[in-house]
1. Among 73, 222, which comes first, second and so on when ranked by fewest other beta-carbon atoms within 10 Å?
2. Starting from the Cα-Cα distance between residue 171 and residue 112, subtract it from 0.36 nm times their residue separation and give me the gain in nm to one decimal.
3. What is the gain in length, in nm to one decimal, between residue 266 and residue 136 on full extension, counting 0.36 nm per residue of separation less the C-alpha to C-alpha distance?
4. Residue 191 to residue 99: FRET efficiency via 1/(1 + (r/R0)^6), r the Cβ-Cβ distance, R0 35 Å, to the nearest 0.05?
5. Test of understanding: what is the full-extension gain from residue 83 to residue 55, defined as 0.36 nm times their sequence separation minus their Cα-Cα distance?
6. Given the rule -39500 (n - 2.57) for each run of at least 4 DSSP H residues, summed and divided by the residues of the chain, what is its mean residue ellipticity at 222 nm, to the nearest 500 deg cm²/dmol?
7. How about region 1-80: which GluC sites (Glu not before Pro) there are in a DSSP loop, with at most 14 other Cβ atoms within 10 Å of their Cβ?
8. Just add up the charged neighbours of residue 263: K/R +1, D/E -1, any other residue whose Cβ is under 13 Å from the Cβ of residue 263.
Amino acid sequence: MKKIFILGPGRTASKLYKETLKKHDDVYILHEIMYYFRFKTDIFSILKKHGVLNSKDKLKLAVNEIYEKPYLVNFRTEFPDKEEFLKILSSIEDLSWTSVLNSLIEEKTKSLNKKIAGAKNPVHFSYAPRVIREFEDDAMILFLLRDPRALYASEIPMKSRDYHLSQFPRVKNKNIQRVLIFIYVNIEFIWAIITYKRLKNKVLLCKYEDLIGNPTGMMEKVFNFCGLTFQEDYIKDAKIIGSSHIKQNESGISSHGMKKWETILNRFEKFWFKMIIGIFNY
């Protein structure tokens, strides 16, 4: 079964790609099941911790822990039935990084009578090389990138009541939080663009700016890359509530956030990101 993986840093319109692809009758895209991430307790890490890769004796304990973790809510939305998930794992002869991820994506897709499986950020984008290596010709990867200045501006909470939505919710000092976000965005962008450059002949680069500038053209390119027929109706009524590229409660793709960084970044931040963009030729 062919698989579409949407990978990239946050705030790069991944929701829009996912929802648009799902409008095709043959496609289903899982939503951020948090299968394998760096610096986070994910699905695979829990399975590994309980030793179920070598023995299935503690499989039920591992599954119970997965369904107790509050931050794995997206996974539980995709797989609400704990017993069904346990049944999927039990049916896998050799529990490995690839076999578990493959089974989860395929079983969910088959249950919905779809023919092409997919997942939005099931793993951290830095694992894109592993996805290509493990899934070989079955994997089609959309690799998302965005101007780091816009990424940075979108990550900074404008009001104190929004601090809990940032990457560092426990930091209440706005100046310290801004510095941490600055460092975080730099690491994510540089890491992402280096990962892309290693794989550029094996993935489709999807720049946020290209999507906003020509949504129909960009989506048609994505569908062609995935071997799918594109219809303009798929993008006509695009509406992703809560994403930075679209106004709340308003249909259609908006460019209102494209240059927001010009009024938010200070002089040093503008200089720094301009240098980074030049170095990595974004």
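1. 73, 222
2. Stretched out fully, the residue 171 to residue 112 stretch lengthens by 17.0 nm.
3. Gain in length upon complete extension: 42.4 nm.
4. Plugging the Cβ-Cβ distance into 1/(1 + (r/R0)^6) gives 0.80.
5. Stretched out fully, the residue 83 to residue 55 stretch lengthens by 8.2 nm.
6. Dividing the helical sum by the residues of the chain leaves -14000 deg cm²/dmol.
7. Within region 1-80, no GluC sites (Glu not before Pro) qualify (loop, at most 14 other Cβ atoms within 10 Å).
8. +3
Every number in this text was worked out from the coordinates using simple rules, so none of it is lab data. Predicted, not measured: the structure shown is a model, and the values here were computed from it. Cβ sites come from the backbone with ideal geometry, for glycine too, and all protein chains shown count toward neighbours.
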